[in-house]
Amino acid sequence: MPELPEVETIRRQLEPLLRGRRLVDAWAFPHPKFTPALDAAGATVDTVSREGKYLLLGLGDGRDLVIHLGMTGSLRVRPQGEPGDPYVRAHWVLDGGGPDGTAAGAGHGAGEALEYRDVRRFGRLAVVRPGEHHGTLGVQGPDALDPALTDPAFWRALQGSRRALKTQLLSQRPIAGVGNIYADEALWRARLHPARRSVTRTQAAALLDALRAVLTEGVENGGTTLRDYRTVAGERGRNQTRLDCYGRAGEPCRRCATPLRRIVLDARSTTFCPVCQRR
DNA sequence: GTTGCGTCCTGGACGC
DNA sequence: TGCGTCCAGGACGCAA
């Protein structure tokens, strides 16, 4: 399930492949979540950016193509005419590149397409105009890796709700980009119980540090592949072998050797250490 | 406005 | 081998 590190890995790989190239044609699976792909046809990609889990392709005219990968979404650039994939939900035919030496300078040619693949169809696409917002993107908090987000600001954001700490992180409201895997990892590192409903300033600062650490390591390792996630190059991430908490229920805590416990919180599988992370 | 729950969606794991 | 059931979870809609 693509979270911030997975989306950032994809963004870094896509940028040199797409910048300066025109989306000369588009196709979309006939569902309202994917048909907005057609609105991007004819535009030229001038930026490839990310906000939380959203990937944004600047279309050169002030509009953005907003891509959310959901749980099983992925993006890849493939030669046109390769065998069909039933799980491709949209694709954009690419031209040979712009005149500024970006994609063209890298040797890309016509006959390629950007493909959006999403087996479970939890992802979504949108084209937004300047000032418009799309779903959660319009109301989510600052990006988790945004250096402008300070400890006091994060603490104040958490004070705005009495929901469980992990539920708040997954809501994207206090901070954007965190999903189930990295929430469990960060809470374990910060020694905070996922169902806590309040934190001190010190605990909030520790949690923000832990979030940034696990997300940065995730980016450095090319993301976490548990099942579906693949990079633009079709490779698996490497971070799944370095997880301390998520998915290790029943195994010993790497700090105190107590068996990690699994609970269901907010309908999400949650793993934590009952000794290190007291409520 | 906030909170909690149901829904969407399908491949894979598992039990019989 | 084949079938049925359960699980995974991000975002959104709806009711309380």
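The set of residues in region A:121-145 that are hydrophobic (A, V, I, L, M, F, W, C), within 12 Å of DNA strand C (Cβ to nearest atom) and not in a helix (DSSP H, G or I) comprises A:Phe122, A:Leu125, A:Ala126, A:Val128, A:Val139.
For A:Arg227, the conditions (1) modelled with pLDDT under 90; (2) crowded, with 16+ Cβ neighbours inside 10 Å are fulfilled apart from (2).
Return the only residue of A:Val119, A:Val178 being touching a residue at least 40 places away in the same chain (Cβ under 8 Å), within 24 Å of A:Thr225 (Cβ to Cβ) and under 14 Å from the mean Cα position of the chain (by Cα). Exactly one of A:Val119, A:Val178 is touching a residue at least 40 places away in the same chain (Cβ under 8 Å), within 24 Å of A:Thr225 (Cβ to Cβ) and under 14 Å from the mean Cα position of the chain (by Cα), namely A:Val178. The residues in region A:36-93 that are over 15 Å from the mean Cα position of the chain (by Cα), in a strand (DSSP E or B) and within 16 Å of DNA strand B (Cβ to nearest atom) can be counted, and the count is 3.
Put simply, of A:Leu192, A:Leu226 the only residue that is in contact (Cβ under 8 Å) with a residue 60 or more places away in the chain, assigned to a loop (DSSP other than H, G, I, E, B) and farther than 17 Å from A:Phe272 by Cβ is A:Leu226. A:Gln277 meets each of the listed conditions (1) outside any loop (DSSP other than H, G, I, E, B); (2) of a type in the set (S, T, N, Q); (3) buried (at least 18 other Cβ atoms within 10 Å of the Cβ) apart from (1).
What about A:Asp146, is it within 16 Å of the chain's Cα centre (by Cα), under 24 Å from A:Glu220 (Cβ atoms), surrounded by fewer than 18 Cβ atoms within 10 Å (Cβ to Cβ) and of a type outside the set (Gly, Ala, Ser)?
Numbers: within 16 Å of the chain's Cα centre (by Cα): yes; under 24 Å from A:Glu220 (Cβ atoms): yes; surrounded by fewer than 18 Cβ atoms within 10 Å (Cβ to Cβ): yes; of a type outside the set (Gly, Ala, Ser): yes.
So A:Asp146 passes the test.
Scanning region A:173-196 for residues that are touching a Ser or Thr at 6+ places or on another chain (Cβ under 6 Å) and within 13 Å of DNA strand B (Cβ to nearest atom) turns up just one, A:Pro194. Does A:Tyr246 count as under 15 Å from the mean Cα position of the chain (by Cα) and not in a strand (DSSP E or B)? No; evaluated as a whole, the condition is false for this residue.
The values are calculated or read from the model by the stated rules, or taken from the named source; none is laboratory data. All figures in this text were calculated on a predicted structure; none of them were measured in a lab. Positions of Cβ are generated from backbone atoms using ideal geometry, with glycine treated the same way; all protein chains shown enter the neighbour counts.
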